[in-house]
Amino acid sequence: MFRAEAKGQALHFDPDGDVGGNEVFKDRETGSHWQQSVSTATSGPLKGTRLAIYPFLMTTWGEWNKQHPNTLVLKPEPGYAEIMPNMNKFINRGISGGLPDPKDALSHDDRLRPREMVLGLEVGKTEMAYPLSALREVRVVNDRIGGKPVLIVHQPASDTTTAFVAEWKGKVLRFKPADQEADQLFDLETHSSWNAYGLCLSGPLKGSQLKSLILEPEFWFAWSEFHPKTNVYRPANRPKNEPGNETKKVQ
C-alpha cells in the first residue's frame with residue numbers, strides 16, 4: 001500500500017504486467033512505470049522516484065473488527081471479484097511451486113523456496129526477510145536491524161504480524177509472549193504487560209506506545225529479486241514449547 005503521489009502530484013495507477021513475477025504499474029499522469037516490490041519508478045519522467053509506503057496491516061476481519069469495531073468496510077463494485085483472477089494470474093499459480101515462468105526470473109536465491117511467503121522489513125539500509133513459517137513457530141522475535149532494536153510479534157490464530165522499534169525513551173526492551181497466541185507480551189526489563197500492537201497495558205510503562213515499523217508481505221522470489229542484499233531470519237534451535245527466541249541471520 002503506497003501514498004499515491006510523487007513530487008507533490010497525485011497519481012492514478014493501472015496494472016501493466018510484471019517483471020520477475022512482481023507486478024508493474026503505470027501511472028496515468030506521466031506514463032511512468034513502477035515496480036511494486038521497491039515502490040520505485042523504473043522508467044518514464046519519474047524514473048528513480050520512490051513512493052512512500054502507507055502503514056497497513058494484513059489480518060483477518062475478525063481480528064481487525066476486534067481492534068477497530070467502528071471501521072468502515074470497502075464494498076467492491078459489482079463484478080469486481082470476478083475480474084480479479086484475470087488481473088492477477090501470477091498470484092493464482094499456487095504457493096508451493098517454482099518461479100512463475102523461467103523466462104521471467106532475473107535471478108535465483110535458493111536460501112528459501114521461491115514461493116515461501118516472507119515479511120520484508122527495511123530499517124535504514126538494512127533489509128531482513130522473515131519467513132511466515134518461522135514466525136508461526138516462534139511468535140515473538142527480538143532482533144537488531146540497521147542498528148535498531150526490533151520487535152516482531154506474530155499472532156498465529158489470525159496470522160497477524162506487527163513490528164516495532166523495541167525501545168522506549170532510549171531504553172532497549174526485550175520481549176516474551178505471555179500466552180500461546182502472543183496477543184499479550186511482557187518486557188524483561190520492567191516486566192510491564194503489552195499487547196501485540198505495541199501498547200503497554202500495565203506496569204511501570206503503562207500507556208507507552210512503541211513506534212511501528214511496516215512489514216511488506218512478498219513471495220521469496222520477488223523479495224529476493226528486488227532486495228538482493230537481504231538477510232534471512234532463522235530461529236535458533238530451541239524447544240518448541242519454550243516462549244521467546246533468538247535470531248540467526250544468513251547473509
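Answer rounded, prolate or oblate for the stretch 154-215, using the Cα gyration tensor with square roots of eigenvalues a ≥ b ≥ c: rounded when a/c is under 1.5, else prolate when a/b is larger than b/c, else oblate. Oblate is the answer for the stretch 154-215, as a/c is 1.5 or above yet b/c matches or exceeds a/b.
The alpha carbons of the stretch 108-179 occupy a box of 41, 33, 14 Å along the principal axes, longest dimension given first.
Which entries of 26/75; 66/148; 148/176; 66/206; 7/206 show an alpha-carbon separation above 29 angstrom in the structure shown?
66/148; 7/206
Our compactness index for the chain, the C-alpha radius of gyration over the empirical 2.2 N^0.38 Å, is 1.08. Only helices enter the 222 nm calculation for the chain: every DSSP H run of n ≥ 4 contributes -39,500 (n - 2.57), and dividing by all residues gives -3000 deg cm²/dmol, rounded to 500. Show me, for the stretch 223-235, the HN-Hα J-couplings you get by feeding each phi into the Karplus relation (A = 6.51, B = -1.76, C = 1.60, θ = phi - 60°), rounded to Hz, glycine and proline as x. Whole-Hz 3J(HN,Hα) from phi for the stretch 223-235: 4, 5, 4, 9, 9, x, 9, 5, 8, 10, 6, 10, x. Please check: in the Gaussian network model of the chain (C-alpha springs, under 10 Å), which one of 35, 155, 180 has the largest mean-square fluctuation. It is 180.
If you take all other residues with their beta carbon under 12 Å from the beta carbon of residue 52, and give Lys and Arg +1 and Asp and Glu -1, the sum is +2. Which net charge results for the neighbourhood of residue 167, defined as the other residues with beta-carbon distances under 12 angstrom from its beta-carbon, given Lys and Arg at +1 and Asp and Glu at -1? Local charge sum for residue 167: +4. With springs only between Cα atoms under 10 Å apart, run a GNM on the chain and tell me which of 128, 84, 117 wobbles the most. Looking only at 128, 84, 117, the largest GNM fluctuation is found for 84.
Other residues with beta-carbon under 15 Å from the beta-carbon of residue 64 carry, at +1 per Lys or Arg and -1 per Asp or Glu, a net charge of -2.
Where a number appears in this text, it was derived from the coordinates with a stated rule and is not lab data. Every value quoted in this text rests on a predicted model; they were computed, and no experiment measured them. No Cβ is skipped: glycine too gets one built from the backbone with ideal geometry, and neighbour counts run over all protein chains shown.
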